[in-house]
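Reading through the structure tokens given below for one structure.
The values are calculated or read from the model by the stated rules, or taken from the named source; none is laboratory data. Remember, predicted model here, so these are calculated numbers, not experimental data. Note that each Cβ is placed from the backbone with ideal geometry, even for glycine, and that neighbours are counted across all protein chains shown. Keep in mind that these areas ignore ligands, DNA and RNA; they rest on the heavy atoms of the full protein, side chains included. Shrake-Rupley method; radii C 1.70, N 1.55, O 1.52, S 1.80 Å.
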Amino acid sequence: MRFRLLLAGATCALTSVPGSADEFKNPPIIEVRAPGGDLTIRARRGTASLPGLGEVAGVYGYEVRRGSAFPRDGSRASTVPLMPPVISVDRGSTLRIVYRNELRTTDVAGKTQPTESNLHAHGLLVSPKGTGLAGRGRAYGDCVFVLASTAGSAATGHAHPTRYATDPAGDPCSLDPKAGFVRFENGDIRYSYVIPSDHPSGMYWFHPHPHGLSEGQVSNGLSGLISIGRFWDTAYVKCRLTSSPDAPGLDACQDQAAQREELEAERQADAARGLLKVRYLGLKDIQVAKLQDRPGEIGKPRFRLIEFPLRPDPGDRSAHEAFGDRTHARHNRCGKLASSGSGDSELAYVDGVTGPGQCWHKQHPDERWVFTVSGQVHPRITVKAGDSEVWHLANIGADVTYRLRLETLEENPRRLAFAVRALDGAAFSPDWTMRRHTEIALMPGARVEVLMQRCSQGTGAPGTGVPSDCVDPSQKVEARLRTAGVATGIDADSGDLWPPVDLASVVFESAPGQSSARVRSIPAPPGPIPVRPDTPTSTPKIAGRPPPSPATCDGRRYQSGPADFRVDSNLVRLIRFNNRDFGEQGGELFGIHVENFQMLDLAGKAIPVADLLAEGRAVRPEKNVSRIASISLEDPCWRAATGEQENPAAFARFYPAFKMDGDPDVRAAYGAREYWLLVNDSDECHNFHIHQTKFVVLDADFPVNAQCLGDRGLAPPINRNVLHDNYPLPPGARVLVMIKFDGAKLGRFVFHCHILEHEDKGMMATIGVVDGPLP
């Protein structure tokens, strides 16, 4: 089916609520055009101005500038942006960044000290290995194992002691045995990102990734957006600009006149002349405390950041307990929340109060949890009559999950639909129509591109009997963009409760008529992964019933090296996520178990990958037990780790926490296509994110209708022909994905839960892609 985006009058309405006064403004955009360019990014603290709130002192911010040299100290301003400029990069370019860490952080005792930081380009399909360019200093790839100490301080912080072996000539993201596992730089790190010409065009983001410190630095404000390519790389107005109409039915421009007309239409759209407007909506939360007015400045609200403190060494018991108390208070900044426990239920405040873009506890009105939209608090978005809009929505915070709804402000409120055209920076293929959702769950790291689409003329009005999830273009419609609040656990004692908050208001002005302009998608650029696995062409390599499992645990039998993963085999990578609080016996433990695994059912019969592929393509009855759910995961080591008798040592062995100075947990052969079975063994939501690559979801089973899924509920979640780098794992979830380790993926990188609290506590693992034949 041809995928079309109706953009004339396109957009769903959000509206104005009393108290919203500031019109939304896109962040500034810094363009890097082919063949490439240089930027400097400086991480430092300062005072941020948040429209809709006021000034906030102590914010962590990114200062992004053109060039390869930093301004002199005398030009340093005391202000920082909470939302830095969007970095917009052409495909086929090299983006070079000099990153400087000027952060000083505060521990639970109030002591300020140097710290480490670095930079990660989330979702980009770029190499983890550096270039080692001579003359300009060492240039690293997208490597999270290189860290910069605070500029001017040779000291390293608590999280990465200097005992780690380092080699001045080594690249920590290579698999060179001579290189150390971690490398420290004093202040500055040079990065080089080669953006392939076929890189998926869309929205990505950047943030710090120092293990043990990521949650705090992102919570305190550090994150920003990266845009790859142009909107028109994956869409067109009248016909597709191409020299090779290699796919039928894709409306290639047939002559020069048609090509010129298309170019002009796209140029006008870029200028937002009545056809298309693109908004960058980066969702980021911070916590603040109100300050007293300065003399002579009454009525100018001032706040200070309630800083996320430096994570202490777990061996420091008193500091660790104080840290736990401090961070637990962050979760309760707006008081207790109540949930009915049903998948569709909204959370409600018990002893808290919510206002536009923020909430607080009734007894502490000066301490607030603020939810910003591209650095603005509850902005107003006005959509002019006849305008169409595409919104890039990105969760660029540390821990909070958003359950986005667009609700009209009418006597009988309606939920308007988001027409989703891209996920995680990758557009849908043209043989799939847009997904329409009235609720979108964005876990940390997730991005979605939505078309805000109106109804056809004369439809969508209340009482007309037509679909109520769109907006009549002849009417002025007001609504609110909000998060309904999220319960991430199976009960009140599991997971987190994130508050419901109104994020923005939008006013859609009425239009006397409807334009006939249409915008269509074109295929997503060739990705790093074939969207359909090969069908079996040879005798299946399926292992039957294995020898009886030992009665006691033997961890030596687990293997995680390169193997021949085939669609006609039952061999997969088994990746199990779990966390558990052992209290005084061992504290809270997070980890990931990995092994090469043969899928069998409870009767010992092999379940080939092909069976799950077929299942994932079909809509199955809700009450039927899925094939993927019938896989037996019984294991004596797992039983010892998760049994009724608490054994933190056994848990830590089966679900080891991440170590910076360890060999890769998984080794994959370059060029291999692998099938990974992701399993959430815990009672709360996690999400899977892998660096340097994307994956295709092939099959899934969600036994719990968790709120972190949004309105997808129990329906098959398979997005065929869609590439992901982030995917929700509700409690008990089983998700089969396919990953191909081609492109610039040689080296050492990580996969993890992108709830940064979980990542910092150890829910992360290392993968090494080796250049060599399969065994």
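Subtract the Cα-Cα distance of SER510 and LYS238 from 0.36 nm times their separation in residues, and report this length gain in nm to one decimal. The span from SER510 to LYS238 would gain 95.3 nm if fully extended. Counting Lys and Arg as +1 and Asp and Glu as -1, what is the net charge of the other residues whose Cβ lies under 15 Å from the Cβ of GLY202? Local charge sum for GLY202: 0. The Cα atoms of the range 579-699 define a convex hull whose projected area, averaged across directions, is 10.0 nm². Surface analysis of the range 297-398 yields an accessible area of 43 Å² per residue, using protein heavy atoms and a 1.4 Å probe.
In the full protein context, the range 664-765 carries 18 Å² of accessible surface per residue, based on a 1.4 Å probe and ignoring ligands, DNA and RNA.
Taking the mean number of other Cβ atoms within 10 Å as a proxy for protection, how do you rank 472-481, 561-570 from highest to lowest? Walk me through the numbers on the way to the answer.
Numbers: 472-481: 21.8, 561-570: 19.3.
Result, highest mean first: 472-481, 561-570.
Of the beta bridges in the range 573-696, as assigned by DSSP with both residues counted there, near 70 percent are antiparallel. Of the GluC sites (Glu not before Pro) found in the range 325-431, those in coil by DSSP whose Cβ has at most 15 other Cβ atoms within 10 Å are GLU410, GLU411. Stretched out straight at 0.36 nm per residue, the stretch from ASN186 to ARG317 would grow longer than its current Cα-Cα span by 44.2 nm. The charge dipole of the range 632-775, taken about its Cα centre with unit charges on the Cβ of Lys, Arg, Asp and Glu (plus for the first two, minus for the last two), comes to roughly 540 debye. Using R0 = 41 Å, the C-beta based FRET efficiency linking ASP771 and ARG620 works out to 0.50.
What does the charge add up to near LEU241, with Lys and Arg as +1, Asp and Glu as -1, over the other residues with Cβ less than 9 Å from its Cβ? Could you put the intermediate results ahead of the total?
Working: positive: ARG240; negative: GLU262, GLU266.
Around LEU241, the charge tally is -1.
In this Cβ point-charge picture (+1 for Lys and Arg, -1 for Asp and Glu), the range 27-114 has a dipole of about 220 debye about its Cα centre.
Counting only heavy atoms of the protein chains and using a 1.4 Å probe, SER468 has close to 60 Å² of accessible surface. How much net charge surrounds ASP725 when only other residues with a Cβ under 11 Å from its Cβ are counted (Lys, Arg +1; Asp, Glu -1)? Within the 11 Å Cβ shell, the charges total +1. Annotation note: trypsin sites (Lys or Arg not before Pro) in the range 272-335 located in DSSP loop regions with a Cβ neighbour count of at most 15 within 10 Å are ARG273.
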